[in-house]
Amino acid sequence: MLKSGIDLLCGFDQSIYHICPIFYKYYVYLAVSPSFVVGSDGYIYEGRGWMSVGAHTKGRNTVGYGVAFIGNYAAHLPSKHDMELLRHHLVKCGVSRGFLQKNFTILGHRQVVATTACPGDSLYSEITTWEHYKDTDPLK
C-alpha cells in the first residue's frame, strides 16, 4: 500500500519504558499505535510498521504513517542523530521499498488534530524547515 505522508506525533514521556516494557532493540509490539517510534537512544522501533494501518491520527491512518519521538520536545529538540534517522534513513527505506511516495508530505500532528500541541513547539519549528514539510494539509 503506497501512502502519501508522515505525521509526527506527540513524544512519549520517558516513563513509557517503565509502564510498557515492550521495547526491544528493533521492534515494538503491535499494541503501539504509531507506525514507528524514534527512541531517544538512537534507534527507530517498529510499531505497526509499513504493512499495517496505524492508529495514530483519526481519519488519516490509511493515507499516512505516524512516527512518534520518545521525549518532550516543547522546549528542546531530539538529538540530531535521532532526527536524521527519520529524515534520511526511515523515509529512504519507505520510498525505496515502495511503501511511501517519493513526493510524500511531512506534517506535525497539530496540523491534523486541532486539540494537540504535538510534536512540541521546538520539534514542530524544526520540521517546518525539512524538505517534505507542508504548511497545509494536502487532504483538506
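The values are calculated or read from the model by the stated rules, or taken from the named source; none is laboratory data. Bear in mind that the values here come from a model prediction, so they are computed numbers and not experimental data. Neighbour counts run over all protein chains shown; Cβ positions are idealised from the backbone, glycine included. Surface areas here come from the heavy atoms of the whole protein model, side chains and all, with no ligands, DNA or RNA. Shrake-Rupley method; radii C 1.70, N 1.55, O 1.52, S 1.80 Å.
Below, the figures for the structure above:
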item	result
Qualifying residue in the range 34-53 (condition: within 18 Å of THR129 (Cβ to Cβ), modelled with pLDDT under 80 and of a type outside the set (Asp, Glu))	no
Test: residue in the range 75-83 that is basic (Lys, Arg), open to solvent by 60 Å² or more (accessible area, probe 1.4 Å) and farther than 13 Å from ASP41 by Cα	no
Checking ILE106 against (1) in a strand (DSSP E or B); (2) within 13 Å of the chain's Cα centre (by Cα); (3) surrounded by fewer than 19 Cβ atoms within 10 Å (Cβ to Cβ), the condition it does not meet	(3)
Within the range 113-140, tally of residues that are open to solvent by less than 30 Å² (accessible area, probe 1.4 Å) and closer than 15 Å to VAL63 by Cβ	1
Subset tally (residues that are over 20 Å from ILE70 (Cβ atoms), open to solvent by 90 Å² or more (accessible area, probe 1.4 Å) and not polar (S, T, N, Q)) for the range 86-103	3
Some residue of the range 62-72 being of a type in the set (Val, Ile, Thr) and modelled with pLDDT under 85	yes
Where SER122 falls short, out of the listed (1) polar (S, T, N, Q); (2) in contact (Cβ under 8 Å) with a residue 12 or more places away in the chain; (3) in a loop (DSSP other than H, G, I, E, B)	(3)
